[in-house]
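Asks: I have a structure here, written as structure tokens, and I will follow up with some questions on it.
The values are calculated or read from the model by the stated rules, or taken from the named source; none is laboratory data. These numbers were taken from a predicted model, which means no experiment stands behind them. Reconstructed Cβ throughout: ideal geometry from the backbone, glycine too, with neighbour counts over all protein chains shown. Just the protein is used for accessible areas: all its heavy atoms, side chains included, with ligands, DNA and RNA removed. Shrake-Rupley method; radii C 1.70, N 1.55, O 1.52, S 1.80 Å.
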Amino acid sequence: MPDNINTNSNNHNTGLTYKDAGVDIDAGEELVRRISPLAKATNRPGVMGSLGGFGGLFDLKAAGFKDPVLVSGTDGVGTKLEIAIETGKHDTIGQDLVAMCVNDVLAQGAQPLFFLDYFACSKLDVEVATSVVAGIADGCKLADCALIGGETAEMPGMYEDKKYDLAGFCVAAAEREALIPLHDKMHSGDLLIGLTSSGPHSNGYSLVRKIVERSGLKWSDEAPFATGKTLAEALLEPTRIYVKSVMPLIKNGWIKGLAHITGGGLTENTPRMLPETLAPQFDYEAWEFPPVFKWLQEVGNVTTPEMHRTFNCGIGLVLCVDASHMDVVLGALFAAGEEPMVIGQLVANNG
């Protein structure tokens, strides 16, 4: 071989492949093979076609709707992802993704129909991605929602090391006359019923991580507020999905409005379901901060007003109901496995 020929792979004459640039098409195809049965297990009436096409198909007529209005929602899970990535625990973060979207469309009185996900990373780890999508499928089952498609993007240089990001997209539908909130039927004296959260859900985690840093604890240490769980396990508790508990109440006409308590807490999310003439009046003595929030407040020296505007503080969903329906609504929620509590009422908004 002549001495002047460079056989090093950096030789500009060497043919490059997409894999050389950091994108592994074979890994993407393997992921699709693994997640196809997970998606198929979420099928519901109305789903048409299968995973892998250029678009997801859904038949509203087959789903039983007569005069439907479509409701859509999109969200992510924020910096809660950092805990999953740092600890290698990826199996529940997908449920968070679904919950943040389906609980939002539920607040309009809509039944989630189908879901799509977007998974972006530097280099695709098939095991990690499969675990994430399995969590998404679990969340879709809890919401009676079909996972009909998604996108996986390898973007070397955009993300570092094992970092990845998630986005979710949900489409729901409601019969036109069943949409909420019902502003024209709300009045002073209507009750606010709270449904419990499972923890911070997927909001406030930039502050959560700052507080953990201040505490000096490692993710593998036992959580001071949850016996038998590591700090990571306790803080990765997935967001609750309220669809199956609440949809029957919406269909019976017992719910005037719903508020999904996310970033901004009770104080900023509850008014979003109300007309300008009304305001929420909370009875903060009606429930106690769950242990995780007590710990966050104490270690972070966070004021109570700041807690209420950053975290859900134990209440993940707020229902507005007529006082005359209180007993039947509470009874139905208890029967569905919820722990509802009356946490306030509507009052005239005097500014």
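Asks: Test of understanding: among LYS210, LYS185, which residue is among the basic types (Lys, Arg), closer than 18 Å to SER324 by Cα and surrounded by fewer than 22 Cβ atoms within 10 Å (Cβ to Cβ)? First the steps, then the outcome.
Replies: Working: LYS210 fails: closer than 18 Å to SER324 by Cα.
Testing whether each residue is among the basic types (Lys, Arg), closer than 18 Å to SER324 by Cα and surrounded by fewer than 22 Cβ atoms within 10 Å (Cβ to Cβ) leaves just LYS185.
Asks: Sort through LEU124, LEU113, LEU147 and tell me the only one that's modelled with pLDDT of 95 or more and more than 15 Å from the chain's Cα centre (by Cα). Can you show your working first?
Replies: Details: LEU124 fails: modelled with pLDDT of 95 or more; LEU147 fails: more than 15 Å from the chain's Cα centre (by Cα).
That would be LEU113, the only listed residue that is modelled with pLDDT of 95 or more and more than 15 Å from the chain's Cα centre (by Cα).
Asks: While we're here: How many residues are in contact with a Cys (Cβ under 8 Å, 6 or more places away or on another chain) and small (Gly, Ala, Ser) if we restrict to the range 291-325?
Replies: Let us first name the residues in the range 291-325 that are in contact with a Cys (Cβ under 8 Å, 6 or more places away or on another chain), namely 293, 307.
Within this subset, residues satisfying the condition of being small (Gly, Ala, Ser) are none.
Residues flagged as in contact with a Cys (Cβ under 8 Å, 6 or more places away or on another chain) and small (Gly, Ala, Ser) within the range 291-325 amount to 0.
Asks: Answer with yes or no whether ASP20 is assigned to a loop (DSSP other than H, G, I, E, B) and either open to solvent by 80 Å² or more (accessible area, probe 1.4 Å) or at pLDDT 70 or above (or both). Break it down stepwise before answering.
Replies: Working: assigned to a loop (DSSP other than H, G, I, E, B): yes; either open to solvent by 80 Å² or more (accessible area, probe 1.4 Å) or at pLDDT 70 or above (or both): yes.
For ASP20, the condition - assigned to a loop (DSSP other than H, G, I, E, B) and either open to solvent by 80 Å² or more (accessible area, probe 1.4 Å) or at pLDDT 70 or above (or both) - is met.
Asks: Checking the conditions here, which among ILE255, ILE241 is in a loop (DSSP other than H, G, I, E, B), more than 17 Å from the chain's Cα centre (by Cα) and closer than 23 Å to VAL105 by Cβ? Full working, then the answer.
Replies: On the way: ILE241 fails: more than 17 Å from the chain's Cα centre (by Cα).
Exactly one residue qualifies, and that residue is ILE255.
Asks: May I ask you to verify whether ALA323 is open to solvent by 20 Å² or more (accessible area, probe 1.4 Å), touching a helix residue (DSSP H, G or I) at 6+ places or on another chain (Cβ under 7 Å) and at pLDDT 95 or above? Before you say what the answer is, go through the steps one by one.
Replies: On the way: open to solvent by 20 Å² or more (accessible area, probe 1.4 Å): yes; touching a helix residue (DSSP H, G or I) at 6+ places or on another chain (Cβ under 7 Å): no; at pLDDT 95 or above: yes.
Judged against the criteria, ALA323 is not a match.
Asks: Evaluate the following for SER324: is it part of a helix (DSSP H, G or I), of a type outside the set (D, E, K, R) and without any contact (Cβ under 8 Å) to a residue 24 or more places away in the chain? Give the steps one after another, and end with the answer.
Replies: Working: part of a helix (DSSP H, G or I): yes; of a type outside the set (D, E, K, R): yes; without any contact (Cβ under 8 Å) to a residue 24 or more places away in the chain: yes.
So SER324 passes the test.
Asks: Conditions: (1) aliphatic (A, V, I, L, M); (2) part of a helix (DSSP H, G or I); (3) open to solvent by 20 Å² or more (accessible area, probe 1.4 Å). LEU266 meets all but one. Number of the miss?
Replies: (3)
Asks: Also, quick follow-up: Which residues, taken from the range 61-85, are assigned to a loop (DSSP other than H, G, I, E, B) and surrounded by 14 or more Cβ atoms within 10 Å (Cβ to Cβ)? So that I can check it myself, show each step before the final result.
Replies: First pass over the range 61-85, keeping only residues assigned to a loop (DSSP other than H, G, I, E, B): 61-67, 76-79.
Once the filter is applied, which keeps residues that are assigned to a loop (DSSP other than H, G, I, E, B) and surrounded by 14 or more Cβ atoms within 10 Å (Cβ to Cβ), the range 61-85 yields ALA63, PHE65, GLY76, VAL77, GLY78, THR79.
Asks: Quick one: is GLY300 modelled with pLDDT of 95 or more, touching a Lys or Arg at 6+ places or on another chain (Cβ under 7 Å) and within 19 Å of LEU235 (Cα to Cα)? Spell out the reasoning first.
Replies: Working: modelled with pLDDT of 95 or more: yes; touching a Lys or Arg at 6+ places or on another chain (Cβ under 7 Å): yes; within 19 Å of LEU235 (Cα to Cα): yes.
Against the criterion (modelled with pLDDT of 95 or more, touching a Lys or Arg at 6+ places or on another chain (Cβ under 7 Å) and within 19 Å of LEU235 (Cα to Cα)), GLY300 qualifies.
Asks: Can you name every residue in the range 94-135 that is of a type outside the set (Val, Ile, Thr), assigned to a helix (DSSP H, G or I) and open to solvent by less than 20 Å² (accessible area, probe 1.4 Å)?
Replies: Here is the first cut: in the range 94-135, the ones of a type outside the set (Val, Ile, Thr) are 94-97, 99-101, 103-104, 106-125, 127, 129, 131, 134-135.
With the extra rule that they be assigned to a helix (DSSP H, G or I), the set shrinks to 94-97, 99-101, 103-104, 106, 127, 129, 131, 134-135.
Within the range 94-135, GLY94, ASP96, LEU97, ALA99, MET100, CYS101, ASN103, LEU106, ALA129, GLY135 qualify.
Asks: If I filter the range 275-314 down to residues being assigned to a helix (DSSP H, G or I) and hydroxyl-bearing (Ser, Thr, Tyr), which single residue comes out as farthest from THR196 (Cα to Cα)?
Replies: Of the range 275-314, the ones assigned to a helix (DSSP H, G or I) are 291-300, 304-310.
Keeping just the survivors that are hydroxyl-bearing (Ser, Thr, Tyr) gives 304, 310.
Working: THR304: 19, THR310: 16 Å.
Residue satisfying both the conditions and the ranking: THR304.
Asks: Under 6 Å between Cβ atoms, at least 6 apart or on separate chains: pull out the pairs that start in the range 224-247 with a residue that is closer than 16 Å to LEU81 by Cβ and end on any residue that is surrounded by 18 or more Cβ atoms within 10 Å (Cβ to Cβ) and acidic (Asp, Glu).
Replies: Final answer for the pair search is PRO238/ASP96; THR239/ASP96.
Asks: Restricting to the range 163-217, what's the tally of residues that are in contact with a strand residue (DSSP E or B) (Cβ under 9 Å, 6 or more places away or on another chain) and acidic (Asp, Glu)?
Replies: Count: 3.
Asks: From the list LEU236, LEU217, LEU278, LEU207, exactly one residue is modelled with pLDDT of 95 or more and within 17 Å of the chain's Cα centre (by Cα). Which is it?
Replies: Working: LEU217 fails: within 17 Å of the chain's Cα centre (by Cα); LEU278 fails: within 17 Å of the chain's Cα centre (by Cα); LEU207 fails: within 17 Å of the chain's Cα centre (by Cα).
So the residue among LEU236, LEU217, LEU278, LEU207 that is modelled with pLDDT of 95 or more and within 17 Å of the chain's Cα centre (by Cα) is LEU236.
Asks: Shifting gears a bit: Take the residues in the range 327-337 that are surrounded by 14 or more Cβ atoms within 10 Å (Cβ to Cβ) and part of a helix (DSSP H, G or I), then tell me which one is nearest to the chain's Cα centre (by Cα). Quick ask: steps written out before the conclusion?
Replies: First, pick out the residues of the range 327-337 that are surrounded by 14 or more Cβ atoms within 10 Å (Cβ to Cβ): 329-330, 332-333, 336.
Checking which are part of a helix (DSSP H, G or I) leaves us with 329-330, 332-333.
On the way: VAL329: 25, LEU330: 25, ALA332: 24, LEU333: 21 Å.
Once the filter is applied, the top-ranked residue is LEU333.
Asks: What's the number of the condition ARG272 fails, among (1) surrounded by fewer than 20 Cβ atoms within 10 Å (Cβ to Cβ); (2) farther than 26 Å from CYS145 by Cβ; (3) touching a strand residue (DSSP E or B) at 6+ places or on another chain (Cβ under 9 Å)?
Replies: The failed condition is (2).
Asks: Which one of SER9, SER50 is part of a loop (DSSP other than H, G, I, E, B), within 16 Å of CYS140 (Cβ to Cβ) and either touching a strand residue (DSSP E or B) at 6+ places or on another chain (Cβ under 7 Å) or modelled with pLDDT under 85 (or both)? Break it down into steps so the answer makes sense when it comes.
Replies: Numbers: SER9 fails: within 16 Å of CYS140 (Cβ to Cβ).
The match here is SER50.
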